[in-house]
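Trainee: Take this structure, written in structure tokens, and hold onto it; I'll ask about it next.
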Amino acid sequence: MLNSMSTAAHASQPRPDVYITDELSRRPSTAPDYLKEKRAIQLLAATMANEPDRVLPRFVELAIELTGGSSAGLSLYEPEPAPGQFRWAYLKGVLSPFDGATTPRDFSPCGVTLDENRPVLSLHPERIYDWISDAGIVVPEVLLVPLHVGDADALGTLWIVSEQEGHFNSGHSRIAEELAAFVSVALQMLRSQQRLSRALDEQETLTREMGHRIQNLFAMVSSILRNSARMASDKEDLAEKALGRLHALSTAHGLVRRTFATGDEVPVIADVRELILAILAPHDVADSRFDIRGPSLACGERAINGLALTMHELATNSTKYGALSSDEGKVEITWAVREQQLELDWQETGGPSISGPPSTSGFGSKLAKLTIERQFGGSISYDWRRTGLAVRLSIPIEALTS
């Protein structure tokens with residue numbers, strides 16, 4: 001990352017010896033080659049139609065070709081967390097090794113360009129931005145133009161670096177602005193395509209998850225009825241036990257898919273222990289089959305769904321294949337906080353003997369893994385011991401409580 005310094009050093013006004021935008025109009029402008037520019041635009045249009053993934057890299061290449069620069073790229077604005085940052089993308093030329101680097105919003109030539117909302121010319125900006133000089137980058141001159149569609153908020157900047165001072169003029173600025181207009185539209189199209197692709201992927205995942213949940217629901221209901229019948233003294237006792245456990249199952253299922261629940265179906269959960277007890281309630285969590293120990297630990301609203309889904313998956317798999325499928329089976333659940341991480345252990349004993357890990361991972365296990373890794377930035381590991389499955393969850397406390 002290039003963004004290694006505090007924005008506290010941000011100069012309130014751009015230095016006139018570093019920002020020399022007025023020089024663009026003072027310098028002699030070369031005669032425009034409209035035919036070359038027209039052919040370039042036609043090529044871009046064809047690329048946009050036939051190879052949309054190549055459009056943005058080709059824009060940057062054309063920016064170098066049409067202005068005589070030595071390097072160019074896009075700085076894409078990422079507003080969160082405030083005040084935001086720029087991420088370098090599609091870099092070409094001598095600065096291409098820095099593709100993907102980030103730079104400060106409020107202490108950079110790109111930030112000045114967005115603030116002024118016009119083309120900006122900067123002379124050796126490394127003199128005041130030490131994140132540039134610390135990276136060993138020398139910028140004799142850089143021309144920047146904002147990227148935006150209509151009156152919408154800026155998407156970032158297009159910038160072009162020259163190997164010599166005094167290179168850029170108003171003709172280059174005009175070309176850069178015209179390219180930036182096309183870049184902005186292409187960038188909007190790309191982001192819309194990415195959002196659509198993510199929405200379709202989420203829809204497919206949700207459909208698969210729904211089918212998986214229905215299968216598990218039948219398995220859980222079957223287990224509840226079987227255990228209730230074995231322990232009931234008469235039909236009235238059977239009905240009471242079964243209905244109580246089915247209500248607990250409904251509550252646990254509501255926690256897993258909170259966005260689908262309404263009314264009083266889902267209890268207010270604010271603690272890891274409360275969540276675990278709610279998820280395990282259909283399994284008679286109060287009896288001696290469970291050993292649940294750990295300190296009081298707040299669980300944020302956003303984290304409840306993901307953690308509930310994971311615990312529900314472990315409990316369901318245990319009911320179908322593990323310790324909870326056997327009368328002698330036991331489950332120990334313990335957790336502690338170590339180095340700002342929640343370390344939660346799920347240990348099964350007394351169930352069917354395990355010969356080794358399964359040959360394939362089921363959809364539910366994959367979903368739990370994705371939830372822990374992507375939502376929480378944590379990890380989940382499985383140890384298929386002969387005496388019973390052991391699972392460890394590791395979740396950053398910050399992700400759990402947010």
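Values in this text are rule-based calculations from the coordinates and carry no lab data. What you see is a predicted model; the values in this text were computed from it and never measured. Every residue, glycine as well, gets a Cβ built from its backbone with ideal geometry; the counts of neighbours run over all protein chains shown.
Trainee: When a footprinting reagent is the concern and you count Cβ atoms within 10 Å, what order do 299, 110 take, fewest first? Display every interim value, and only then the final one.
Mentor: Numbers: 299 20, 110 27.
Result, fewest neighbours first: 299, 110.
Trainee: Moving to a separate point now. The range 110-148 to the range 385-402: how many Å between their Cα centroids?
Mentor: 46
Trainee: By the gyration tensor of its Cα atoms, with a ≥ b ≥ c the square roots of the eigenvalues, what is the shape of the range 305-345: rounded for a/c under 1.5, prolate for a/b over b/c, or oblate?
Mentor: Here the range 305-345 falls in the oblate category.
Trainee: Test of understanding: what is the full-extension gain from residue 36 to residue 17, defined as 0.36 nm times their sequence separation minus their Cα-Cα distance?
Mentor: On the way: separation 19, 0.36 × 19 = 6.84 nm, distance 3.40 nm.
That works out to 3.4 nm of additional length.
Trainee: Sort 155, 307 so the one with the fewest other Cβ atoms within 10 Å of its own Cβ comes first.
Mentor: Ascending number of Cβ neighbours within 10 Å: 155, 307.
Trainee: Using Cβ contacts closer than 10 Å as the measure, can you line up 129, 321, 34 from fewest to most?
Mentor: Ordered from fewest to most neighbouring Cβ atoms within 10 Å, 129, 321, 34 come out as 34, 321, 129.
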